[in-house]
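Undergrad: This is the structure I want to talk about, given as structure tokens.
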Amino acid sequence: MQEQLNEKLSLLVDDELDNTQAYALLKALQHETELQAKLRRYALISQALKSEQCSLASPDFADKIHQKLKQEPIYFLPRKKTHDNFKKSALAVAASVVLAVVWFSANQLQHPVQPYADVNAIAQRSVQAEQMNARFKEYLQAHDNVWYVNDNVGNSSYARLASYQQK
């Protein structure tokens, strides 16, 4: 069993282990410190064989740094107050919004909305059209013997039948 674990560790370092076996091996490594130490040694040997520069850190290196950081003194330095700037900018935005609303409402009061303005404009156009139509009818009546307008009641029709008898 131990030889199989050593062989799997060697394959893991050489990146020749498939994903499922590598995952199972790493899960087993989480709880066993002896296997973790072996893996570190195998990785160090692999780096040395490949003539890469390597340095060896003690296993508790990270813990020592963590302890040193805890021992550092804490300085309570005053910080700049940024919330005052936020209040000022919020007040400026609110004032701008109020100014825009007042300006908009003043413009609305100067130019009251006429809901039937379009209807009035159309009615005026239709009156103008009727006047032009009447002038056109007068022109046709004055310049032609035949009156092509059938709106006027009481005028004689444009066609007359004439008949005569020969004796």
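Undergrad: What is the sum of charges, Lys and Arg at +1 and Asp and Glu at -1, for the other residues whose Cβ falls under 12 Å from the Cβ of residue 6?
TA: Neighbourhood net charge equals 0.
Undergrad: While we're here: Listing 45, 74, 65 from the residue with the fewest other Cβ atoms within 10 Å to the one with the most, what is the order?
TA: Ascending Cβ contact count within 10 Å gives the list 74, 65, 45.
Undergrad: Here's a follow-up. Residue by residue through the range 131-142, which ³J(HN,Hα) values in whole Hz follow from phi under the Karplus form 6.51 cos²θ - 1.76 cosθ + 1.60 (θ = phi - 60°), with glycine and proline marked x?
TA: 5, 5, 5, 5, 5, 5, 5, 4, 4, 4, 5, 6
Undergrad: Looking at the range 2-56, I'd like the Rg to Rh ratio, where Rg is from alpha-carbon atoms and Rh is Kirkwood's inverse mean 1/r.
TA: Using Cα coordinates only, the ratio equals 0.98.
Undergrad: Would you mind estimating how fast the range 1-105 diffuses translationally, via Stokes-Einstein at 4 °C and 1.567 mPa s with the Kirkwood radius over Cα pairs, in µm²/s?
TA: Taking Rh from Cα pairs, D becomes 65 µm²/s.
Throughout, read-outs are computed from the coordinates displayed, never taken from laboratory work. Predicted model only: the values in this text are computed from it and were never measured. Here the Cβ is made from the backbone with ideal geometry for all residues, glycine too, and neighbour counts use every protein chain on show.
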